[in-house]
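To keep things clear, I will list the structure first and then write my remarks on it.
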Amino acid sequence: NGLKSSTIKIGQKLKLTAKANMTYKVVKGDTLTKIAKKYGTTVTNLKKWNGLKSSTIKIGQVLNVTKA
């Protein structure tokens, strides 16, 4: 971000990068399609990141919704 000090101003834009996986806990009515849309990714990515061979998910299952 080219900062010369640790002071930032209101409205200043900073570039951030995520280092950790974000997870999501499946609730009743969820589908991989619905979850993918919510997190701006694809069903293919969700399946790959979670080692899923099918699109079947279970209530309470915790899914990675971002790539680490």
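The values are calculated or read from the model by the stated rules, or taken from the named source; none is laboratory data. From a predicted model like this one, the values you see are computed outputs, not experimental measurements. Accessible surface areas use protein heavy atoms only, side chains included; no ligands, DNA or RNA. Shrake-Rupley method; radii C 1.70, N 1.55, O 1.52, S 1.80 Å.
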Original post:
Accessible area per residue of the chain at 1.4 Å probe, in Å²?
Top reply: 83 Å²
Original post:
Among all the lysines, which ones have a C-alpha under 18 Å from residue 25's C-alpha, if same-chain residues fewer than 8 places away are not counted?
Top reply: 34, 37, 38, 47, 48, 58, 67
**OP:** State, in angstrom, two size descriptors of the chain derived from its alpha carbons: Rg to one decimal place and Dmax to the nearest whole number.
**Re:** 16.6, 50
